[in-house]
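We did not get these values from a lab; they are worked out from the coordinates using the rules stated. These numbers come from a predicted model, not from an experiment. Because the Cβ atoms are built from the backbone with ideal geometry, glycine has one as well, and the counts that use them run over all protein chains shown.
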Amino acid sequence: MAAEPTPDLIKAKPVPRPGVWVGAVIVAVLGLGLVDSLISNPEYRWQTVREYLFDPRVLSGVGWTLLLTAGAMVIGIVLALTIAIMRMGTNPILRGVAWAYIWFFRGTPVYTQLVFWGLITILYRRISVGIPFTDVTFFSIDSKLIFTALVAALLGLGLNEGAYLSEIVRAGLNSVDKGQWEAATALGMKRGTVLRRIIIPQAMRVIVPPTGNETISMLKTTSLVLAVPFMLELTFVTNAIGNRTFLPVPLLIVAAIWYLLITSILMVGQRYLEAYYGRGFDGEQAGGRRVRGMSRRQQAILAAGTVKSDPTLDVTP
Amino acid sequence: MNSMTEHVSPPMVDVRGVHKFFGDLHVLKGIDLVVQRGEVCVVLGPSGSGKSTLIRCINEMEQISAGRLYVDGELMGLREEEKGGRTVLHRLKDAEISRQRSRIGMVFQRFNLFPHMTALQNVMEAPRQVKGVSKRDAEQRARDQLARVGMSDRAGHYPAQLSGGQQQRVAIARALAMDPELMLFDEPTSALDPELVGEVLGVMRQLAASGMTMIVVTHEVGFAREVADQVVFMDDGVVVERGTAHQVISNPQQARTRDFFGKVL
Ligand SMILES: Nc1ncnc2c1ncn2[C@@H]1O[C@H](COP(=O)(O)OP(=O)(O)OP(=O)(O)O)[C@@H](O)[C@H]1O
Ligand SMILES: [Mg+2]
């Protein structure tokens with residue numbers, strides 16, 4: 001058997017990049033200096049950080065922050081779907097209302113909105129259900145019983161979030177090819193079925209990643225509910241302790257550690273969710289090789305070219 | 001109506017004086033077309049003549065602007081009501097329109113398979129969601145339809161893993177799974193590489209032979225000659241000429257038709 005002639009493999013030296021190395025050294029020195037200061041500067045008071053990290057008040061603050069984040073996101077997602085579908089419909093009143101909602105809640109600072117929700121019990125002392133512009137009332141209730149600080153905080157965050165998410169949802173729904181609607185309706189499927197079975201599953205690929213970002217963003221936005229005022233979440237609690245003990249810095253660090261920890265968990269969750277959405281209806285015997293990090297179903301959707309792969313999306317402040 | 005005609009079944013498709021406007025654009029200008037049960041009607045004509053619009057009107061993807069359209073004797077999209085000697089028209093509810101559509105299969109130029117579902121799931125979807133067929137029955141039926149178009153061995157593949165010809169055959173199976181009385185094809189082979197056209201036309205030929213009523217918009221003159229019972233030549237929103245393939249394609253009477261086939265052939 002004749003040996004195949006081996007080609008003369010190229011062994012060239014890479015282009016020298018001294019500038020990059022100088023930069024890297026400078027950055028490394030600065031980084032080390034920062035770490036050194038974190039350890040040696042007594043003002044950080046790591047002992048105090050350790051003391052308060054698992055303080056019951058702090059833990060309860062973490063719990064409320066999580067509750068606010070989850071609650072506001074649920075309200076936001078439900079609203080976003082409703083609004084996005086309203087905007088895609090043909091009824092001019094529904095479309096107008098949807099447009100006005102997004103215009104208002106995206107156009108004003110969330111802080112302002114939260115202050116407003118906090119003041120609503122003064123603005124409307126009683127909540128009545130009746131016919132507008134007449135004296136007919138069916139029932140009436142003291143607004144303080146409905147708009148507790150928690151409800152005001154959840155509403156404020158959720159309504160604001162809904163406006164942003166609805167644009168994400170709309171971009172996702174619009175990213176699905178018109179031919180998908182046509183094929184599904186031609187088979188006799190009703191609008192709701194088409195959305196649920198055909199459009200939303202494909203739109204999810206576009207919707208899930210920015211919604212993950214929105215959730216992480218929401219985690220930190222919850223610190224603004226002191227505007228309501230709602231005074232149990234993490235930032236408020238740690239600030240209060242820090243001010244009382246005259247140790248603001250270590251308590252800021254306590255809050256930062258918790259936010260970082262939750263964000264890290266959320267990031268893992270987001271990756272899991274994206275993978276989960278890919279696995280959904282995977283056929284057992286489907287052929288074709290899998291590309292790492294992307295499910296077969298997602299690749300299939302991508303390859304079909306019925307969805308835009310990278311629409312530029314508008315995300316929260 | 002006299003007793004002679006009463007028990008004669010109506011034509012599968014009866015298009016009467018249909019007009020369609022898109023805003024100011026007059027796309028269909030009084031179309032009449034009768035397709036009998038079991039007949040294959042091939043619609044030919046230059047680009048922009050309104051062929052797609054016509055078949056999209058038949059399954060109510062577009063609302064007609066004037067005229068009437070009947071499928072199997074049933075008025076499509078509208079309900080007529082006699083009121084004091086006058087006829088009042090009502091649009092049908094979405095659910096009614098969906099029901100009417102579910103009896104008509106449609107095959108698109110760009111296949112439009114659902115990319116997040118396997119071939120089998122694509123075919124099962126409408127019987128499950130629209131007719132409420134059990135999963136088991138739907139799967140059995142779907143496998144039968146895939147076998148009919150020669151796609152049994154690709155049942156578990158996603159559309160992206162299939163060639164254009166295979167995707168179009170799955171799309172045909174998907175439409176057939178609803179047991180349609182009528183199949184509409186809008187240029188089913190125009191998006192295919194030349195070597196894949198044959199397999200799709202083969203499936204359509206088989207379908208025609210099985211007695212399915214079909215309206216086919218295509219540029220495949222050979223298919224028209226071989227399979228069509230009726231050939232319709234459209235230009236600029238009107239039917240210019242109709243008859244057998246022999247009459248329309250080989251011996252056209254109208255100058256516009258001669259012109260078109262002179263170029264195509
Ligand atoms: N949704 C729409 N809105 C406005 N105009 C339309 C719409 N759909 C079709 N048209 C117009 O109607 C005319 C007929 O279009 P149609 O698609 O029916 O032609 P066609 O005969 O199928 O042509 P082709 O062979 O290119 O598919 C064209 O001028 C087209 O631009
Ligand atoms: Mg067309």
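Starting from segment A:13-89, pick out the chymotrypsin sites (Phe, Trp or Tyr not before Pro) whose DSSP state is loop and whose Cβ has at most 15 other Cβ atoms within 10 Å.
Listed in order of number, the matching sites are A:Phe54.
Quick one: if you take sqrt(5λ) for each eigenvalue of the C-alpha gyration tensor of segment B:1-125, what semi-axes come out, biggest first, whole angstrom? Walk me through the intermediate numbers first.
Values: eigenvalues 146, 78, 60 Å².
One finds semi-axes of 27, 20, 17 Å for segment B:1-125.
Taking the Cβ of B:Ala66 as the center, what net charge do the other residues with Cβ under 12 Å away carry, scoring Lys and Arg +1 and Asp and Glu -1?
Counting the neighbours of B:Ala66, the net charge comes to +4.
Using only the Cα atoms of chain B, build the gyration tensor, take square roots of its eigenvalues as a ≥ b ≥ c, and label the shape rounded, prolate or oblate: rounded if a/c is under 1.5, else prolate if a/b is larger than b/c, else oblate. Don't skip to the end; give the middle numbers.
Working: a/c = 1.77, a/b = 1.16, b/c = 1.52.
Oblate, because a/c is 1.5 or more while a/b does not exceed b/c.
Could you pull out the trypsin sites (Lys or Arg not before Pro) across segment B:1-86 that fall in loop regions by DSSP (anything but H, G, I, E, B) with no more than 15 other Cβ atoms inside 10 Å?
Taking segment B:1-86 and a limit of 15 other Cβ atoms within 10 Å, the loop trypsin sites (Lys or Arg not before Pro) found are B:Arg37.
Which whole DSSP H helices in chain A pass both tests: a Cα extent of 27 Å or more along the axis and a mean Kyte-Doolittle value no lower than 0.0?
Numbers: long enough: A:18-40 (33 Å, 1.90); A:56-88 (48 Å, 1.65); A:149-174 (37 Å, 1.01); A:200-221 (30 Å, 0.20); A:248-279 (46 Å, 1.03).
Flagged H segments are A:18-40, A:56-88, A:149-174, A:200-221, A:248-279.
When the helices in chain B are scored as -39500 (n - 2.57) per DSSP H run of 4 or longer and the sum is shared across all residues, what 222 nm value do you end up with, to the nearest 500 deg cm²/dmol?
-10500 deg cm²/dmol
I'd like the chymotrypsin sites (Phe, Trp or Tyr not before Pro) in segment A:84-167 restricted to DSSP loop residues with at most 13 other Cβ atoms within 10 Å, sorted by number.
Filter output for segment A:84-167: A:Tyr124, A:Phe133.
Summarise the long-distance tail of P(r) for segment B:1-75 by giving the % of C-alpha pairs beyond 19 Å.
More than 19 Å apart: 38 percent of the Cα pairs in segment B:1-75.
Relative contact order for chain A using alpha-carbon pairs under 8 Å, separation at least 6, rounded to a whole percent?
Contact order relative to length: 23 percent.
Explain nothing, just the number: relative contact order of chain B, from Cα pairs under 8 Å at least 6 residues apart, as a whole percent.
Relative CO of chain B lands at 24 percent.
Any idea what the alpha-carbon Rg over 2.2 N^0.38 Å comes to for segment B:124-212?
Compactness ratio reported: 1.07.
Convert each backbone phi in segment B:160-175 into a coupling constant with the Karplus relation 6.51 cos²θ - 1.76 cosθ + 1.60 (shift: θ = phi - 60°), then list the ³J(HN,Hα) values in order as whole Hz, x for Gly and Pro.
Values per residue, Gly and Pro as x: 5, 9, 10, 6, x, x, 5, 4, 5, 5, 5, 4, 5, 4, 4, 5 Hz.
If you take the alpha carbon radius of gyration of segment B:41-96 and divide it by 2.2 N^0.38 Å, what ratio comes out, to two decimals? The partial results should precede the final answer.
Values: Rg = 13.9 Å, N = 56, 2.2 N^0.38 = 10.2 Å.
Working it through for segment B:41-96, the quotient is 1.37.
Is chain A rounded, prolate or oblate when judged by the Cα gyration tensor, a ≥ b ≥ c being the square roots of its eigenvalues, rounded requiring a/c under 1.5 and prolate requiring a/b larger than b/c?
oblate
With springs connecting C-alpha atoms under 10 Å apart, model chain A as a Gaussian network and identify which of A:Lys190, A:Lys13, A:Lys220 has the largest mean-square fluctuation.
In the Gaussian network model the winner is A:Lys13.
Have a look at A:Ala203, A:Ala275, A:Ala84 and tell me which one the Gaussian network model of chain A (Cα, springs below 10 Å) gives the largest fluctuation.
Result for chain A, Cα springs under 10 Å: A:Ala275 fluctuates most.
How high is the relative contact order of segment B:125-238, given as a whole-number percent (alpha carbon pairs under 8 Å, six or more residues apart)?
Result for segment B:125-238 is 23 percent.
Pick out, from A:Leu260, A:Ala12, A:Ile241, the residue whose Cα sits farthest towards the positive end of the charge dipole of the protein assembly as shown, with +1 on the Cβ of Lys and Arg and -1 on the Cβ of Asp and Glu.
The residue sitting most towards the positive pole is A:Ile241.
Under a crude label model (7 Å from the Cα following the beta-carbon direction), how far is A:Asp142 from A:Phe116 in nanometres?
Calculated label separation equals 2.7 nm.
Any idea what the alpha-carbon Rg over 2.2 N^0.38 Å comes to for segment A:152-220?
1.34
Using 7 Å Cα-to-Cβ label points, what is the B:His19/A:Leu94 separation (nm, one decimal)?
Roughly 3.2 nm, to one decimal.
Report, please, the projected area of the protein assembly as shown averaged over directions, based on the convex hull of its C-alpha atoms, in nm². Spell out each step's value before the answer.
Numbers: hull surface 186.7 nm².
The orientation-averaged projected area of the Cα hull of the protein assembly as shown comes to 46.7 nm².
Would you mind giving the average projected area, over all directions, of the Cα convex hull of segment A:91-178 in nm² with one decimal?
7.9
Work out the charge dipole of segment A:127-236 with +1 on the Cβ of Lys and Arg and -1 on the Cβ of Asp and Glu about the Cα centre, then indicate which of A:Val129, A:Ala186, A:Leu157 is farthest towards its positive end.
Checking the options against the dipole of segment A:127-236, the answer is A:Ala186.
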